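Let me begin by presenting the structure, written as structure tokens, before commenting on it.
The values are calculated or read from the model by the stated rules, or taken from the named source; none is laboratory data. It should be emphasised that the depicted structure is a prediction, and the values quoted were computed from it without experimental measurement. Counting neighbours? That spans all protein chains shown, and the Cβs are built from the backbone with ideal geometry, glycine included. Surface areas here come from the heavy atoms of the whole protein model, side chains and all, with no ligands, DNA or RNA. Shrake-Rupley method; radii C 1.70, N 1.55, O 1.52, S 1.80 Å.
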Amino acid sequence: MNAALHRTVLGACPHDCPDTCSLVTTVVDGIATRVQGNPGHPMTGGVLCTKVSKYAERTYHPERVLTPLRRSGPKGSGQFTPVSWDEALRDIAQRLHGIAQQQPEAILPYSYAGTMGMVQGESMDRRFFHQLGASLLDRTICASAGSEALAATYGGKLGMRMEFFAESQLILIWGSNSISSNLHFWRLAQEAKRNGARLVCIDPRKSETADKCHEHLQLLPGTDAALALALMHELIVHNWLDHDYIAQHTLGWEALKARALQWPPERAAQVCGLPVEQIIQLARDYGTTQAAAIRLNYGMQRVRGGGNAVRAIACLPALVGAWRQRAGGLLLSSSGVSPFNRAALQMPQLLGTRRPRLLNMSTIGDVLLHPGDAQWGPQVQAVVVYNSNPVAVAPESAKVAAGFAREDLFTVVLEHFMTDTADHADYVLPATTQLEHWDIHGSYGHTDVLLNRPAIAPQGQARSNAQIFRDLAAQMALLQPAYAAAHFQATDEELCRSSVANTAIDFDALLHHGFAHIPVKEAPFAHGGFATPSGKCEFDNPQLARLGIGTLPDYLPNYEPPTAKFPLAMISPPARNFLNSTFANVASLQRMEQRPLLELHPDDAAARGIADGDVLRVFNDRGMHVCHAAVNGRARPGVVVGLGIWWRKHGANGTNVNELTHQQLTDIGRAPCFYDCAVQVERITPATAPA
Ligand SMILES: Nc1nc2c(c(=O)[nH]1)N[C@H]1C(S)=C(S)[C@@H](COP(=O)(O)OP(=O)(O)OC[C@H]3O[C@@H](n4cnc5c(=O)[nH]c(N)nc54)[C@H](O)[C@@H]3O)O[C@H]1N2
Ligand SMILES: Nc1nc2c(c(=O)[nH]1)N[C@H]1C(S)=C(S)[C@@H](COP(=O)(O)OP(=O)(O)OC[C@H]3O[C@@H](n4cnc5c(=O)[nH]c(N)nc54)[C@H](O)[C@@H]3O)O[C@H]1N2
Ligand code: SF4
Ligand SMILES: [Mo]
């Protein structure tokens, strides 16, 4: 083969996944033929998940949006006409300028983690909106309950190094389906298992991960804090405590002890719906095993008491002194070690003295439907969406869809595909994929930095997000001279470089190797040194009183406990072969996930005359979702599982699971409560079933 036409390019997986894999893309004659895991990157180990192995299929998908599109039918109809970039950019700049002249806060950017890259995710876009004085977005949809709870306990997002789980003797996989959402951690857990470690899964669903652990505690959703408090109770009464660590490195021990002693295992067993022996046994294992590690993940914080639950669990390693060794402790997120110079990328100084309001992305339905008033501020008149698909992923989607369907709302969506959100746009702008642009990435699982080089030319007329905001700024400069400044002209590669300027990361080394390790301690809290104001692990945190919640970890019952009318608790964790709503339109992956499903326990199914494969309606006062029953042994009694996140328009009645979820927020972190949701389920008779 001609070497000049055949090359490999190093990149980084852009998705919202803790593994942040190093990619090797093979390019032949300018076409990406394969995307593989980099064998030279220790965490990736040459392995990718199934979905990203299909990244080339996604990139060359026949339905990619490849030109700017302007709406030509009613809002939400999905009817568009191709227009030139010049025309689209000029019109968008004029519309945004017109609104900003009156009320800049009537403009709202809406973005999340479609790409986790620093450049395509949070650089030129932020500069653009800061200069405008647009409303700020509170980015809470995924992790803020857990993140803020962890910060309130440890002082930041820091924990065990992922690689040392391989040496642990006991691993609690708590609220996470690692095989599906954290594959490279699962490889390490397997290694530990081969070395004799015991693996315990704590999850209301008998997940693929639970199948492969030694023990599974199949608790009711939203009851994790009760379980953690009962574990503390047992540690205390059996004196499985590291008194020296507690005395030196924690704050509020006496108060926490008094709280935990109110939680004998029998009480927790009732709340959690677990056998009491299982709780007692877990406490014994945890209290008597050296190198006990907890892989906590975000799956358990999507309920009213999610923040408190994370705080309760985060206390455990300090009680037993697990932090003393590198293979003990807890990991929720490692993103606190991020070296990036965010202020240099985002330039908040462009706001000047303006302090725009902060709108919560998790209540986007209510935000878009708010008429505006003196206290709340102006009604939202324009929204610019990128790296996100809120019509599918935000809670209470009937309201989200109604908000985006407002004829008077000016909506711009930067996308690869005609998602549910893009269908509601006035303009859709074609964005590049990770194979087509520069970017630089940290991780929330491991502690490396990765550079993503473009492997192929942009498809069609696609432009990178940063390029689109750069081009919009150039149009705005004709209307607002401040947009002519040099910082609106920095290239994507320059932005990558400036993100690590004056840090421990050498950009030129990244250019050669594709990744670099951030220097971090092997056992971060072996000698205390928490990043809290007290420097200790804060069991008791007086700052929390301002949120109107207790300062000690507590069990807060769900907003929506099952009732006679809606007797089933619904959780909606991600499907293995999708990434949130990304990949839900890739044919090979769609075939693996088959169709929107609701898993039910055989007893709950039988009580409703439901058999595997039947068509169901799942409903509550917010809406109704039609899908198929899966009586596959994964759901526990009283709990149903709607695996997500399908596109609404692929649903039998044009909905997905978020038709049923609500917009109430978590105790800490203002995050959505996707897994705190009560529903009823009925079989639809064949005569009334949709085709
Ligand atoms: N394949 C795949 N991987 C992904 C994603 C994806 O969509 N698909 N999404 C990515 C994103 S954005 C994120 S935030 C992470 C999420 O990753 P994790 O936080 O690790 O969560 P999941 O793997 O989604 O698993 C959540 C698990 O929590 C369980 N769960 C639900 N409610 C409760 C509860 O109250 N208590 C406990 N203990 N468990 C509960 C669910 O049954 C599910 O098995 O994964 C990322 N990785
Ligand atoms: N019921 C329920 N709802 C949930 C969850 C759940 O577990 N249950 N999980 C929640 C969680 S954890 C999260 S993180 C959110 C995720 O919500 P989102 O962040 O909205 O994630 P995705 O659905 O993957 O949508 C990302 C979109 O960004 C686009 N994109 C990717 N790269 C680029 C790019 O470079 N440029 C542009 N312009 N676009 C790009 C993709 O095509 C995709 O349509 O969903 C939440 N919603
Ligand atoms: S989604 Fe996660 S596991 Fe899959 S390639 Fe990306 S980083 Fe790796
Ligand atoms: Mo997420």
When residues of segment 119-138 are limited to those that are outside any helix (DSSP H, G or I) and in contact with a strand residue (DSSP E or B) (Cβ under 8 Å, 6 or more places away or on another chain), the one most open to solvent (accessible area, probe 1.4 Å): Leu136
Check on Leu472, in the same structural domain as Met118 (by TED's automatic domain parsing) and assigned to a loop (DSSP other than H, G, I, E, B): no
Residue within segment 602-609 that is within 19 Å of Pro573 (Cα to Cα) and either touching a residue at least 12 places away in the same chain (Cβ under 8 Å) or among the aromatic types (Phe, Trp, Tyr) (or both) present: no
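Residues are listed down the side, and each one gets a yes or a no for (1) over 22 Å from the mean Cα position of the chain (by Cα); (2) among the aromatic types (Phe, Trp, Tyr); (3) surrounded by fewer than 19 Cβ atoms within 10 Å (Cβ to Cβ):
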residue	(1), (2), (3)
Met570	no, no, no
Asn580	no, no, no
Arg591	yes, no, yes
Arg595	yes, no, yes
Pro602	yes, no, yes
Arg608	yes, no, yes
Asp614	yes, no, no
Gly642	no, no, no
Trp646	no, yes, no
Selection from segment 559-568 of residues that are of a type outside the set (Phe, Trp, Tyr) and surrounded by fewer than 20 Cβ atoms within 10 Å (Cβ to Cβ): Pro561, Pro562, Thr563, Ala564, Lys565, Pro567
Residues that are open to solvent by 10 Å² or more (accessible area, probe 1.4 Å) and touching a helix residue (DSSP H, G or I) at 6+ places or on another chain (Cβ under 9 Å), drawn from segment 92-108: Gln94, His97, Ile99, Ala100, Pro104
Residues that are of a type outside the set (A, V, I, L, M), part of a loop (DSSP other than H, G, I, E, B) and either open to solvent by 10 Å² or more (accessible area, probe 1.4 Å) or closer than 15 Å to Leu472 by Cβ (or both), drawn from segment 109-118: Tyr112, Gly114, Thr115
Subset of segment 185-203 [open to solvent by 10 Å² or more (accessible area, probe 1.4 Å), more than 9 Å from ligand 1 (Cβ to nearest atom) and not aromatic (Phe, Trp, Tyr)]: Arg187, Leu188, Gln190, Glu191, Lys193, Arg194, Asn195, Gly196, Arg198
Selected residue (criterion: least open to solvent (accessible area, probe 1.4 Å)) from residues of segment 41-73 that are without any contact (Cβ under 8 Å) to a residue 24 or more places away in the chain and more than 16 Å from ligand 2 (Cβ to nearest atom): Gly73
Among (1) over 23 Å from Ala12 (Cα atoms); (2) assigned to a helix (DSSP H, G or I) - the single one Ala466 does not satisfy: (1)
Scope segment 321-361; condition among the aliphatic types (A, V, I, L, M), surrounded by fewer than 16 Cβ atoms within 10 Å (Cβ to Cβ) and closer than 27 Å to Arg161 by Cα; matching residues: Ala343
Flag for Glu407 being at pLDDT 95 or above, among the acidic types (Asp, Glu) and under 14 Å from Asn658 (Cβ atoms): no
Some residue of segment 223-241 being within 23 Å of the chain's Cα centre (by Cα) and not aliphatic (A, V, I, L, M): yes
Which numbered condition Gln680 misses (of (1) in contact with a Phe, Trp or Tyr (Cβ under 8 Å, 6 or more places away or on another chain); (2) open to solvent by less than 20 Å² (accessible area, probe 1.4 Å); (3) under 20 Å from Pro204 (Cα atoms)): (2)
Within segment 281-304, considering residues that are in a strand (DSSP E or B) and closer than 16 Å to Phe525 by Cβ, the one nearest to ligand 3 (Cβ to nearest atom): Leu296
Test result for Arg90, under 22 Å from Thr432 (Cβ atoms), more than 15 Å from ligand 2 (Cβ to nearest atom), out of contact with any Ser or Thr (no Cβ under 8 Å at 6 or more places or on another chain) and assigned by TED's automatic domain parsing to the domain that holds Ile107: yes
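So that you can scan it fast, the table gives a plain yes or no per residue for (1) touching a Pro at 6+ places or on another chain (Cβ under 7 Å); (2) of a type in the set (Lys, Arg):
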position	(1), (2)
Ala635	no, no
Gly644	yes, no
Thr655	no, no
Thr661	yes, no
Thr666	no, no
Arg670	no, yes
Cys673	no, no
Test result for Ala152, part of a loop (DSSP other than H, G, I, E, B) and touching an Asp or Glu at 6+ places or on another chain (Cβ under 8 Å): no
Flag for Ser144 being within 16 Å of ligand 2 (Cβ to nearest atom) and either over 17 Å from the mean Cα position of the chain (by Cα) or open to solvent by 10 Å² or more (accessible area, probe 1.4 Å) (or both): yes
Qualifying positions in segment 12-40 - of a type in the set (Gly, Ala, Ser), over 28 Å from Ser176 (Cα atoms) and either within 13 Å of ligand 3 (Cβ to nearest atom) or open to solvent by 30 Å² or more (accessible area, probe 1.4 Å) (or both): Gly30
Residue, nearest to ligand 4 (Cβ to nearest atom), within segment 290-323, restricted to residues that are of a type in the set (Lys, Arg) and in contact with a helix residue (DSSP H, G or I) (Cβ under 7 Å, 6 or more places away or on another chain): Arg295
Pick from segment 201-235, criterion over 19 Å from Ala569 (Cβ atoms) and in contact (Cβ under 8 Å) with a residue 60 or more places away in the chain, ranking: farthest from ligand 4 (Cβ to nearest atom): Leu235
The lone exception for Arg617 - which of (1) outside any strand (DSSP E or B); (2) out of contact with any Leu (no Cβ under 9 Å at 6 or more places or on another chain) it fails: (1)
Those residues of segment 561-601 which are among the β-branched types (Val, Ile, Thr) and modelled with pLDDT of 95 or more, in sequence order: Thr563, Ile571
All positions within segment 496-548 that are assigned to a strand (DSSP E or B) and more than 30 Å from Gly252 (Cα to Cα): Phe515, Ala516, His517
Qualifying position, being crowded, with 20+ Cβ neighbours inside 10 Å, within 30 Å of Ala531 (Cα to Cα) and touching a Gly at 6+ places or on another chain (Cβ under 6 Å), among Met160, Met232: Met160
Given (1) more than 28 Å from the chain's Cα centre (by Cα); (2) crowded, with 16+ Cβ neighbours inside 10 Å; (3) among the polar types (S, T, N, Q), index of the condition Ser499 fails: (1)
